[in-house]
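J.: Before anything else, here's the structure in question.
The values are calculated or read from the model by the stated rules, or taken from the named source; none is laboratory data. Since the model is a prediction, treat every value here as computed from it, not as a measurement. Cβ placement follows ideal geometry from the backbone for every residue including glycine, while neighbour counts extend to all protein chains displayed. Just the protein is used for accessible areas: all its heavy atoms, side chains included, with ligands, DNA and RNA removed. Shrake-Rupley method; radii C 1.70, N 1.55, O 1.52, S 1.80 Å.
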Amino acid sequence: MENCTTKLGTAVKIARRNKNLTQSELSEKLGITSRHLQAIENEHKAPSFDLLSRMLAYLNLSADSILAVNESTLTPEQEQLLYLVKHKCNQRDVSVLLSAAKTLVDSKE
């Protein structure tokens, strides 16, 4: 089972890349060194609680997806999508996304 710091490092790296940010750019936004971010992403170092909360908020990541005890079968990208839909979308946004998802699935059949 993947531990929390491994899941965090992977999720942060993917979310950072999805935002088209370099390690240097994200570390500047978070007020840490690039080396510190590199250690979190690649060496599975645990950040402080304050830094963890700032990273999750800035990258729109769900703490549940990283800190949950039971192993998730979702990828970090899927977890991020669910977080965005749950916390950042209104009902109209959800309806549009649902319609798009149904169209995508139908096109694969």
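J.: For segment 45-96, rounded, prolate or oblate, judged on the Cα gyration tensor with a ≥ b ≥ c (square roots of eigenvalues), a/c < 1.5 rounded, else prolate if a/b > b/c?
T.: oblate
J.: Could you work out how much longer the chain between C89 and V105 gets when fully extended? Use 0.36 nm per residue separation minus the Cα distance between them, nm to one decimal.
T.: Residue separation times 0.36 nm, minus the Cα-Cα distance, leaves 3.7 nm.
J.: Can you tell me the orientation of helix 76-88 relative to the chain, as the angle in degrees between its alpha-carbon axis and the longest Cα principal axis, to the nearest 10?
T.: 70
J.: Follow-up question, since we're still on this one. If you add up the charges near V94, with Lys and Arg at +1 and Asp and Glu at -1, over every other residue whose beta carbon is less than 12 angstrom from its beta carbon, what do you get?
T.: Charge balance in the 12 Å sphere: +2.
J.: How much of the accessible area of the chain, in percent, comes from carbon and sulfur atoms when a 1.4 Å probe is used?
T.: Within the chain, the accessible surface is 55 percent carbon and sulfur.
J.: Please give the helix 49-59 orientation as an angle from the longest Cα principal axis of the chain, in degrees from 0 to 90, rounded to the nearest 10.
T.: 40
J.: Would you kindly find the accessible area of K13, with a 1.4 Å probe and non-protein molecules such as ligands, DNA and RNA excluded, rounding to the nearest 10 Å²?
T.: Only protein atoms counted, so the area is about 50 Å².
J.: At what distance in nm do the modelled label points of F49 and K19 sit from each other, each positioned 7 Å from its Cα along Cα→Cβ?
T.: Taking the two extended label points, one gets 2.2 nm.
J.: Further question on the same structure: For the chain, report the accessible area per residue in Å² (1.4 Å probe, heavy atoms, rounded to an integer). Show your work: numbers first, answer last.
T.: On the way: 7180 Å² over 109 residues.
Dividing the accessible area of the chain by its residue count gives 66 Å².
J.: If you filter segment 1-50 for GluC sites (Glu not before Pro), then keep DSSP loop positions with at most 14 other Cβ within 10 Å, what is left?
T.: E2, E43
J.: What's the local net charge at I40, with K and R +1, D and E -1, over the other residues with C-beta under 13 Å away? Don't skip to the end; give the middle numbers.
T.: Details: positive: K7, K13, R16, R35, K45, R54; negative: E41, E43.
Net local charge, I40 excluded: +4.
J.: A further question on this structure: For Rg/Rh (Cα atoms, Kirkwood Rh), which listed value, (1) 0.93; (2) 0.95; (3) 1.03, comes from the coordinates shown?
T.: Recomputing Rg/Rh (Cα atoms, Kirkwood Rh) here picks out (3).
J.: Measure nothing fancy, just the Cα-based angle from helix 4-18's long axis to the longest principal axis of the chain, in degrees from 0 to 90, nearest 10.
T.: Helix 4-18 sits at roughly 70 degrees to that axis.
J.: Let me have the relative contact order for the chain, percent, based on Cα pairs under 8 Å that are six or more residues apart. Write out the running numbers ahead of the final one.
T.: On the way: 74 pairs, mean separation 30.6, N = 109.
Relative contact order here is 28 percent.
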